[in-house]
Amino acid sequence: MADEVVLLDFWPGMFGMRVRIALAEKGIEYEYQEEDLRNKSPLLLEMNPIHKKIPVLIHNGKPVCESLIIVQYIDEVWKDKSPLQPTDPYQRAHARFWADYVEKKVYEVSRKIWTTKGEEKEAGKKEFFEIFKTLEGELGDKPYFGGETFGFVDLSLIPFYSWFHAIEIFGEFNMEAECPKIVAWAKRAIRKSLH
């Protein structure tokens, strides 16, 4: 029996983008169900009764929620295809740490740049650059966070690339001038995903 895989998502949703990229990396066929976030479907409310949010991956009738948890699940279930996490336990823990760092830091600080003004906005920009300089330090001279291959940390961060232009406009700065390694990494990751 073939796996039944359904993704409940909203097309511009950056967290769902993580899941769509992971499914594509693994070559997993799935049914995509677009959600209307103002009028949530009964299926979404049934599959994610706690948070009532997307994305939700439904695998053979069982729901998995929260984008990074879904990506880990995909990597564990379809482990024979394009691994996203390292096999070494220490390296896997290290990748999970950095993905968690992205999850906890990047979204909130990015929002500060376009939702605040004055001193609060300037403080947000300073924090934003500190976070991305830290990420550039972790990336180092490697093509991807995991080394030579696109992996879990890359997958956690790449959806934020879609926000860079808006952040630049609201923040009145040039992302490439401030964080050249991150922008070069993002362009490399996007080119890779198009092939």
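Please report how far the C-alpha centroid of the stretch 146-176 lies from that of the stretch 66-127, rounded to the nearest whole angstrom. Between the Cα centre of the stretch 146-176 and that of the stretch 66-127, the gap is 11 Å. Take 100-108, 71-79 and order them by the average number of nearby Cβ atoms within 10 Å per residue, most first; the result is 71-79, 100-108.
Protein heavy-atom accessible surface, 1.4 Å probe, per residue over the stretch 1-58: 58 Å². Couplings 3J(HN,Hα) of the stretch 132-137, computed from phi: 6, 5, 4, 5, 5, x Hz, in residue order, whole Hz [Karplus 6.51 cos²θ - 1.76 cosθ + 1.60, θ = phi - 60°; x for Gly and Pro].
What's the ranking of 6-17, 83-94, 41-52 by average number of surrounding C-beta atoms within 10 Å, highest first?
Numbers: 6-17: 17.9, 83-94: 14.6, 41-52: 12.9.
For the peptides 6-17, 83-94, 41-52, the packing ranking is 6-17, 83-94, 41-52.
Only protein atoms count toward the accessible area here, which uses a 1.4 Å probe; on the stretch 37-166, the carbon and sulfur part of that area reaches 54 percent. Compared with the alpha-carbon gap, the fully stretched path from Glu138 to Glu34 is longer by 33.9 nm at 0.36 nm per residue. The packing ranking of peptides 147-159, 175-187, highest mean first, is 147-159, 175-187, where packing means the average number of other beta carbon atoms within 10 angstrom of each residue. Distance between the pseudo-spin-label points of Trp11 and Tyr107 (7 Å out from Cα toward the beta carbon): 2.3 nm. The residues of the stretch 83-128 present an accessible area of 64 Å² per residue when probed at 1.4 Å with all protein chains retained.
Give me D for the stretch 1-106 in µm² s⁻¹, whole number, from Stokes-Einstein with Rh from the Kirkwood sum over alpha-carbon pairs, 10 °C and 1.306 mPa s. Walk me through the intermediate numbers first.
Details: Rh = 14.4 Å.
This corresponds to a translational diffusion coefficient of 110 µm²/s.
So what is the orientation-averaged projected area of the chain, using the convex hull of its C-alpha atoms, in nm²? Display every interim value, and only then the final one.
Details: hull surface 48.2 nm².
The orientation-averaged projected area of the Cα hull of the chain comes to 12.1 nm².
Based on Cα contacts under 8 Å between residues 6+ apart, the chain shows a relative contact order of 19 percent.
For the chain, the antiparallel share of DSSP beta bridges with both residues in that region comes to about 70%.
The values are calculated or read from the model by the stated rules, or taken from the named source; none is laboratory data. Not measured: the values here are computed from a predicted model. Positions of Cβ are backbone-derived with ideal geometry, glycine not excepted, and every protein chain shown enters the neighbour counts. Ligands, DNA and RNA are excluded from the accessible area calculation, which covers all protein heavy atoms including side chains. Shrake-Rupley method; radii C 1.70, N 1.55, O 1.52, S 1.80 Å.
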